[in-house]
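The values are calculated or read from the model by the stated rules, or taken from the named source; none is laboratory data. Because the structure is a prediction, the values reported are computed rather than measured. Neighbour counts are summed over all protein chains in view; Cβ atoms, including those assigned to glycine, are modelled from backbone coordinates with ideal geometry. Remember, those area values only see protein heavy atoms, side chains included, never the ligands or the DNA or RNA. Shrake-Rupley method; radii C 1.70, N 1.55, O 1.52, S 1.80 Å.
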Amino acid sequence: MTLTREPYGDAVAAFFAALGRTVKLTVLAFLGFPRIVANTDGRRDFAQQAWLVGIGSLPVATVVALFTGMILGLQLGIAFKRLSQELMVAATLSYAMLREMGPFMTGIILASSVGSSMAAQLGTMKVNEEVAALEMMSVDPIRFLVTPRLWALIVMAPLLSFYTCVVAFVGGALVGYTQLNIPFLQFIAEVMAAAEIKDLYVGLFKALFFGVLICGISCSVGFATTQGAAGVGASTRRAVIFSFLAILIGGYFMTRFCYVF
């Protein structure tokens with residue numbers, strides 16, 4: 001009996017081929033920035049995508065951030081109260097949100113809402129041959145469709161991450177006031193005292209990097225859609241899963257690079 005490794009080899013080859021397409025698409029979309037600046041239609045498309053990414057995600061981000069801050073504040077409060085170190089809740093919450101949880105939650109929210117929408121829209125255009133029609137009219141689909149989405153995420157993801165952190169601090173302060181007898185303003189002051197400028201920069205850069213990952217993966221998967229409506233559904237699912245995995249893996253290595261080495 002002869003064992004074959006061809007299926008595994010095909011899977012590895014398909015993975016690296018998809019990775020190459022995603023990187024190429026992302027780079028080309030990034031280089032298409034002059035179209036946004038110089039073209040009225042480009043600026044309008046960018047503004048529309050920025051509105052969808054930023055303002056459209058605010059309700060979900062607000063609820064998630066508020067209750068995440070409250071949950072973390074409550075759990076940390078239970079632990080630190082045993083040590084009579086209730087004020088450490090504010091400092092720990094500051095570290096957790098600015099360094100990791102803020103950009104991570106932002107990435108998950110954007111991947112599940114914005115990224116899935118991008119994959120579905122571009123996948124539908126691909127199976128309906130609208131992308132081919134753009135190419136027939138000598139219109140670059142990447143610069144026309146992907147560039148505004150990429151730059152909208154580059155701009156709005158860090159802003160949304162910062163907003164998420166602020167709302168989480170408010171949630172933690174509410175728990176500190178109601179459960180730990182820490183004055184609201186004192187809790188906020190402790191958060192600000194514990195925060196370092198490096199934590200803010202690293203968190204914002206993480207959010208920006210996650211935005212690039214989400215757009216690149218979602219648009220690449222959308223352009224690779226086949227098999228009609230069923231393929232659009234499958235592409236949407238793959239875009240969300242791959243974005244989640246990229247956020248988790250990328251977030252670990254960025255934290256290790258920024259805080260360990």
statement: So, with points 7 Å from each Cα along the Cβ direction, the Met192-Thr226 label distance in nm works out to 5.8 nm
message: Per 0.36 nm of contour for each residue apart, how much would the distance between Glu130 and Leu58 grow if the chain were fully extended, relative to their Cα-Cα spacing?
response: 22.8 nm
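Compute and list, largest first, the equivalent-ellipsoid semi-axes of the chain from the alpha carbon gyration tensor, each √(5λ) rounded to a whole angstrom.
For the chain, the ellipsoid semi-axes come out as 39, 22, 16 Å.
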- prompt: Tell me, what is the FRET efficiency for Leu245 and Thr40 to the nearest 0.05, using R0 = 45 angstrom and their Cβ-Cβ distance as r?
  reply: 0.75
query: Which of the trypsin sites (Lys or Arg not before Pro) found in the stretch 60-164 are in a DSSP loop and have at most 12 neighbouring Cβ atoms, other than their own, within 10 Å?
result: Arg82
DSSP-assigned coil residues among GluC sites (Glu not before Pro) in the stretch 61-165, each with at most 12 further Cβ atoms within 10 Å: Glu129
- prompt: By how many nm would the segment from Val23 to Ile78 grow when fully extended, if each residue of separation counts as 0.36 nm and the alpha-carbon distance is taken off?
  reply: 15.3 nm
- request: Please label the shape of the stretch 153-261 as rounded, prolate or oblate, based on the square roots a ≥ b ≥ c of the eigenvalues of the alpha-carbon gyration tensor (a/c under 1.5 means rounded; beyond that, a/b larger than b/c means prolate, else oblate).
  value: prolate
- request: Enter the accessible area per residue of the chain (Å², integer; probe 1.4 Å; all protein chains in place).
  value: 54 Å²
- prompt: Using a 1.4 Å probe on the protein chains only, how many percent of the accessible area of the stretch 188-261 belongs to carbon and sulfur?
  reply: 75 percent
statement: Residue by residue through the stretch 60-65, the couplings from Karplus 6.51 cos²θ - 1.76 cosθ + 1.60 with θ = phi - 60°, in Hz, x for Gly and Pro, are 5, 4, 5, 5, 4, 5
message: Which lysines, if any, have their Cα less than 27 Å from the Cα of Lys126, not counting same-chain residues under 8 positions apart?
response: Lys24
task: Choose one of Val60, Tyr95, Ala17: the residue whose Cα lies farthest towards the positive end of the charge dipole of the stretch 1-110 (beta-carbon charges +1 Lys, Arg; -1 Asp, Glu; about the Cα centre).
output: Tyr95
query: Modelled label-to-label distance, Phe33 and Phe184, 7 Å Cα→beta-carbon offset: nm?
result: 4.0 nm
statement: Descending packing, highest mean Cβ count within 10 Å first, for 110-121, 190-201, 238-249, 215-226 is 215-226, 110-121, 238-249, 190-201
query: Please state the relative contact order of the stretch 130-255 as a whole percent: Cα pairs under 8 Å, 6+ residues apart?
result: 26 percent
